[in-house]
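The values are calculated or read from the model by the stated rules, or taken from the named source; none is laboratory data. Computed from a predicted structure; not experimentally measured. Virtual Cβ from ideal backbone geometry, glycine too; neighbours counted across all protein chains shown.
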Amino acid sequence: MKHNIEELRVDFVTGAVAHRLRFGGGRGQALAKAMGLRAGKTPMIVDATAGLGRDAFLLASLGAQVVLIERSEKMHSLLVQGLDRAASEGGDLREIIGRMTLLKGDAKDLLQELSAEAILIDPMHPQRKNSALVKLELRQVREIVGTDDDAVDLVRVALETARSRVVLKWPAKADPIEGVRKCSHQIFGKTTRYDVFMVG
């Protein structure tokens, strides 16, 4: 059964994102630590695979300037709508959205020009080996953006262009991505791990 893509929306105002904003744990969260946010240090971040924009929003909520790159026309337009809706709420949300810049294009091309300190890569993850259905929302995203068969190439470009670190977001139990040098260290969340490659 194919689900209607129109049901998918990017929402920074309510639901999981709003909850994470209020109760997420600030810079102590695995993502923030992986990206190098700590007291007195807020790197300029590029989210090279923006998707639903949630990680970028979290990082922007912690004070980081974040450039989001999305190559899917459909996903980009959902992000534009979501960012506009959040900005129109005013207050803190407008301030957070003000730290987010959305670009459309292939990150492999755009990263060369961006001089990012830290680059986050969250490719479509390998299909689960078990038969448990992936959450509807993620299935919808996959229907829009397809599989990121060039994830290894993207990681390589990121390693050449980042000034401080590249972070690959990956399922906690999945094998390391093949064809890329060993990461410097890993930070584990409940279901996700962050493979951190220090550069420079």
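The residue pairs whose first member lies in region 47-74 and is over 20 Å from residue 105 (Cβ atoms), whose second member is among the basic types (Lys, Arg) and at pLDDT below 95, and whose beta carbons are closer than 8 Å, counting only pairs six or more residues apart or on different chains, are 54/20; 58/20; 62/27.
Residue pairs whose Cβ atoms lie under 9 Å apart, separated by 6 or more positions or on different chains, with the first residue in region 131-153 and modelled with pLDDT of 75 or more and the second assigned to a loop (DSSP other than H, G, I, E, B) and polar (S, T, N, Q), are 140/4; 151/49. Of all residues in region 49-66, those being aliphatic (A, V, I, L, M) and touching an Asp or Glu at 6+ places or on another chain (Cβ under 8 Å) number 5.
If you take the residues of region 83-124 that are within 18 Å of residue 149 (Cβ to Cβ), touching a residue at least 12 places away in the same chain (Cβ under 8 Å) and surrounded by fewer than 21 Cβ atoms within 10 Å (Cβ to Cβ), which of them is nearest to the chain's Cα centre (by Cα)? Going through the qualifying residues, I end up with 124. Residues of region 170-200 that are modelled with pLDDT under 95, at negative phi and in contact with a Ser or Thr (Cβ under 6 Å, 6 or more places away or on another chain): 172 alone. Here residue 32 meets the list (1) more than 14 Å from the chain's Cα centre (by Cα); (2) surrounded by 13 or more Cβ atoms within 10 Å (Cβ to Cβ) almost entirely, failing just condition (1). Of all positions in region 70-82, none carries a residue that is over 14 Å from the mean Cα position of the chain (by Cα) and under 25 Å from residue 183 (Cβ atoms). Do we have any residue at all in region 108-128 that's modelled with pLDDT under 90 and in a helix (DSSP H, G or I)? The answer is no, given that none of the residues of region 108-128 is modelled with pLDDT under 90 and in a helix (DSSP H, G or I). Cβ-Cβ contacts under 8 Å between residues 6 or more apart (or on different chains), taken from a first residue in region 163-183 that is in contact (Cβ under 8 Å) with a residue 12 or more places away in the chain and more than 19 Å from residue 55 (Cα to Cα) to a second residue that is among the β-branched types (Val, Ile, Thr) and not in a strand (DSSP E or B), are listed as 163/199; 177/152; 177/155; 178/152; 179/152; 180/152; 180/155.
Does residue 50 satisfy the criteria of being assigned to a loop (DSSP other than H, G, I, E, B) and either closer than 20 Å to residue 167 by Cβ or touching a His at 6+ places or on another chain (Cβ under 7 Å) (or both)?
When the stated conditions are applied, residue 50 passes them.
Among residues of region 38-49 being among the hydrophobic types (A, V, I, L, M, F, W, C) and modelled with pLDDT of 95 or more, the one that is farthest from residue 95 (Cα to Cα) is 48.
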